Amino acid sequence: YDYLFIVGKEFNVKPGYPNLIERIESALLSCGNDFDNNDNPFECGFDKYTNIDSEVEFVGKDILQKIHSKGISKKLMGIMIDAKNINVSHSIEIKDQNDTNIGELRSGVYSPSFEKVIGICMINKPFWKLPQECQIVINENTIKGKLCALPFI
């Protein structure tokens, strides 16, 4: 990176990162927000980076092989919520039309591109079928949402 900053000096190149809207729209996952040590690579869509059939031995390989053969019970998905703002400081339950808990919102932000709140959520297996209508409680108001695939853009 030092070389990048040297050659980019005339353009004022400096370290940076995407803002929250860009991060969620592009499904750039955040460790600690969207997934943590309670989730596995298959649930988070990282299976294309996880080669459990390799001859290489690594920590957790046996467990990942068992998970892969058994299948996962939850996975990260997108959600569009009919709201103009949201504050996600903790996991927020997502429910179906029958008030059954189907998962949890992990990150969310208002997206000017979609003119509504979008988010990244962990959804339980029986509810992966798209489109899936859902509801979420924000500031004591029940608001409609719809599950979708990631990335948004």
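Below is a table of values for the structure above.
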read-out	value
Meets criteria (among the charged types (D, E, K, R) and outside any loop (DSSP other than H, G, I, E, B)) for Lys84	no
Criterion: open to solvent by 60 Å² or more (accessible area, probe 1.4 Å), under 25 Å from Leu105 (Cβ atoms), of a type outside the set (Ser, Thr, Tyr) and part of a helix (DSSP H, G or I) - qualifying residue of Glu22, Glu10	Glu22
Hey, Lys75 in a strand (DSSP E or B), open to solvent by 40 Å² or more (accessible area, probe 1.4 Å) and not acidic (Asp, Glu) or not	yes
Residue within the stretch 25-39 that is more than 30 Å from Val137 (Cβ to Cβ), in contact with a Phe, Trp or Tyr (Cβ under 7 Å, 6 or more places away or on another chain) and in a helix (DSSP H, G or I) present	no
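Okay, residues lined up against (1) touching a residue at least 60 places away in the same chain (Cβ under 8 Å); (2) loosely packed, with under 11 Cβ neighbours inside 10 Å; (3) touching a Gly at 6+ places or on another chain (Cβ under 8 Å); (4) aromatic (Phe, Trp, Tyr):
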| residue | (1), (2), (3), (4) |
| --- | --- |
| Asp39 | yes, no, no, no |
| Cys44 | no, no, no, no |
| Asp47 | no, no, no, no |
| Asn51 | no, no, no, no |
| Ser54 | no, yes, no, no |
| Val59 | no, yes, no, no |
| Asn87 | no, yes, no, no |
| His90 | no, yes, no, no |
| Asn98 | no, yes, no, no |
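The values are calculated or read from the model by the stated rules, or taken from the named source; none is laboratory data. All values reported here derive from a predicted model rather than from experimental measurement. Cβ: placed from backbone, ideal geometry, glycine included. Neighbour counts: every protein chain shown. What goes into the accessible areas is simple: the full protein's heavy atoms, side chains included, and nothing from ligands, DNA or RNA. Shrake-Rupley method; radii C 1.70, N 1.55, O 1.52, S 1.80 Å.
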